[in-house]
Amino acid sequence: MGKSNYTYRLKWIITSVLLLEIIFWSAYYLILRVFTSSFSGNNSDHLMFKHPEALKLLLVIVPIVGIYLYSLLKHNRFSNRAGNSALKSLLQPVSSTNSFIKYFLFRNAIVLLILALAQPIYGKKKVAGTSESLELVIALDISNSMNARDISPEVSRLEIAKRALVQLVNNLHGEKIGVTLFANSAFVQLPLTRDYSAAKLFIQEIESGMISSQGTNIAEALEVSTDMFSKEITTKGIILVTDGENHERNPDEILAKIKGAKIQVSVLGIGTTQGGLIPKNPNRLELGYKSDALGKTVVSKLNPSFLSSIAKKGGGKSSISSDEFPNLSELLTQINQMKRTKIDTLEFDIKQERFQIPLFLSLFFWMTFILWSNGYRGIFKRR
């Protein structure tokens, strides 16, 4: 009768273990299938994991199950060889449900600990906060003079200016940026955005032929740039990128209006005071260079004094780049020193981390396992 009763309990335990594992791994597979998109962290309305790769550790359950079942079938063989007291207590078959209870506690303590390591995230909450706002508009000169190659025979002023702007975008952190292009007229190429990838793409596509009417109308460039700003109460700034040649109306009037509107104008000059020739076709230098009405070859020179005057009247500073790879440290310092406008009463959705739940349950299972393993010699001992 005793042997028959033990065999019955053994079969019951093995069946329970296998049934538990089937339910567990079926649920795990379902989570992987249903919430795969959640693992990427893009949808806070569903269960997701901050570190889904940690879930692979759950495979450690397979050998644990195998060892436990093998120990039941082979009685004390593994128990006698186990050096660790906790493992020995786990593997020792007992002629009651005691061994199954200890296995259940041990197994689930490990599972819950792994889930805590994966850091589950579910739901979101709203929190109030503040944000600092800054809007920047780049006004880029794409007139023919920007095709001069006085800085380097390999690249034009315009290409160097584009390098500088990409470098500038790479150093932004949350500021909105827009781009205005100008020659004899001006137009908005890129409205204000925080999409820096799109901004760099637009900048890289800029060519001098995008405006057919040639000249350099800095005043209109400043007007169009000013109109780009939002109506929000934010810090605003214009970065004028040009070689300083101005063939149209004086920008003093618009500069006075801009300063009155508390918009700062900074200037990045591109070129050299020695100047360079302006190619008729920037892509085919063999066609020669532009000449004036008298047939004299035109030399385009950087005008630093004019650029400095614009920056001073616009409340900013002027910096000059005469290098193939521009150093924007001075300009970036100006941007960083611009006082941001703080916007209050903003609400942010914060994802809720739930690792505390499986961590607490894991600790509970571990403590229960330890106490139960020593229970027949301590507080759980039957009397």
Net charge over other residues, Cβ less than 11 angstrom from the Cβ of V65 (K, R count +1; D, E count -1) = 0
Per the 1/(1 + (r/R0)^6) rule, R0 = 51 Å and r from the Cβ atoms of L332 and I64, FRET efficiency to 0.05 is 0.35
Counting Lys +1, Arg +1, Asp -1, Glu -1, what net charge surrounds R194 among other residues with beta carbon under 12 Å of its beta carbon?
-> -2
For segment 231-312, treating each Cα as an identical point scatterer without solvent, what Debye log10 I(q)/I(0) comes out at q = 0.19, 0.21 1/Å?
-> -0.91, -1.01
Working out 0.36 nm times the residue gap between V166 and Q214, then minus their Cα-Cα distance, what length gain in nm do you get to one decimal?
-> 14.8 nm
Report, ordered by chain and residue number, the aspartates and glutamates lying within cross-link reach of K312, taken as a straight Cα distance under 16 Å and ignoring same-chain residues fewer than 8 apart.
-> D252, E253, E330
Tell me which aspartates and glutamates have Cα within less than 19 Å of K231's Cα, excluding those fewer than 8 residues away on the same chain?
-> E132, E135, E175, E223, D344
What per residue convex hull volume, in Å³, do the alpha-carbon atoms of segment 129-345 yield?
-> 113
Extension reserve of the L19-A256 stretch, reckoned as 0.36 nm per residue once the Cα distance is removed | 77.2 nm
Which entries in the list K257/K290; K257/K301; K162/K236; K176/K257; K200/K296 go over 26 Å, if you measure between the two C-alpha atoms of each?
-> K257/K290; K257/K301; K200/K296
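Quick note: the coordinates plus some simple rules give every number you see, no bench work behind them. What you see is a predicted model, and the numbers here were worked out from it, not measured in a lab. A quick note on method: Cβ atoms are made from the backbone with ideal geometry, for glycine too, and the neighbour counts reach across all protein chains shown.
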